[in-house]
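Each remark here refers to the structure printed beneath this line.
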Amino acid sequence: MKTKIHLFAAFTATLTIATFLTATILVELFGSHEAILQVKHLIVVPGLFILVPALIATGATGFSLSQSRTGRLVENKKQRMPFIAANGILILLPSAIVLNLWAQAGPFNANFYVVQTVELMAGPLNLFLMGWSIRDGLRLTGRFKTNKVGG
């Protein structure tokens, strides 16, 4: 059961971040000022209220599951988690909140776009790292087979 919760929470968190990133890119390229404002608000409410519990559940169940497992895949996941967490807590979460506040306050300025650029670099990094962790988790459970070269 714990494994299923971990899998569900990890996929929910990953898809939520991917949705945030996709919506941000599309609205920045094709949206109006009002559309950007709406996306920034939706990322914070309800978005963060979906993402944060999913991340907490992923971390808590992952930590619990890792207590009874060893091996390279488990160690790789453990090594990635501090980077994923730090990137989320120190960059992505504050960026989402600040960008929403600035969008609500009025016209976008250079500061808005600097923070937006940082967020657009940090988001894909977290998706990449989370994707690796999901792949390793699927390998641990036997749901994703490793291709062995040479026999």
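The values are calculated or read from the model by the stated rules, or taken from the named source; none is laboratory data. Please read these numbers as outputs of a predicted model, since none were measured by experiment. FYI the Cβ positions are ideal-geometry reconstructions off the backbone, even for glycines, and counts take in every protein chain you see.
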Give the residue, chosen from Ala96, Ala122, that is farther than 18 Å from Ala9 by Cα, without any contact (Cβ under 8 Å) to a residue 60 or more places away in the chain and assigned to a helix (DSSP H, G or I).
Ala122
Which of the residues that make up region 16-64 are touching a residue at least 60 places away in the same chain (Cβ under 8 Å) and of a type in the set (S, T, N, Q)?
Thr24, Ser64
Got a sec? Which of Gly137, Gly142, Gly131, Gly59 is outside any helix (DSSP H, G or I), more than 19 Å from Leu26 (Cα to Cα) and of a type in the set (Gly, Ala, Ser)?
Gly142
Of the residues that make up region 71-81, is at least one closer than 18 Å to Ile134 by Cα, among the small types (Gly, Ala, Ser), out of contact with any Ser or Thr (no Cβ under 7 Å at 6 or more places or on another chain) and at pLDDT 95 or above?
no
Could you tell me which numbered condition Ala105 fails, if it satisfies all but one of (1) closer than 29 Å to Arg139 by Cα; (2) out of contact with any Phe, Trp or Tyr (no Cβ under 8 Å at 6 or more places or on another chain)?
(1)
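Yes or no, residue by residue, for (1) under 24 Å from Thr22 (Cβ atoms); (2) exposed (fewer than 11 other Cβ atoms within 10 Å of the Cβ); (3) of a type in the set (Phe, Trp, Tyr); (4) within 18 Å of the chain's Cα centre (by Cα):
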residue: Thr58; (1), (2), (3), (4): yes, no, no, yes
residue: Leu65; (1), (2), (3), (4): no, no, no, no
residue: Asn87; (1), (2), (3), (4): yes, no, no, yes
residue: Phe112; (1), (2), (3), (4): yes, no, yes, no
residue: Leu127; (1), (2), (3), (4): yes, no, no, yes
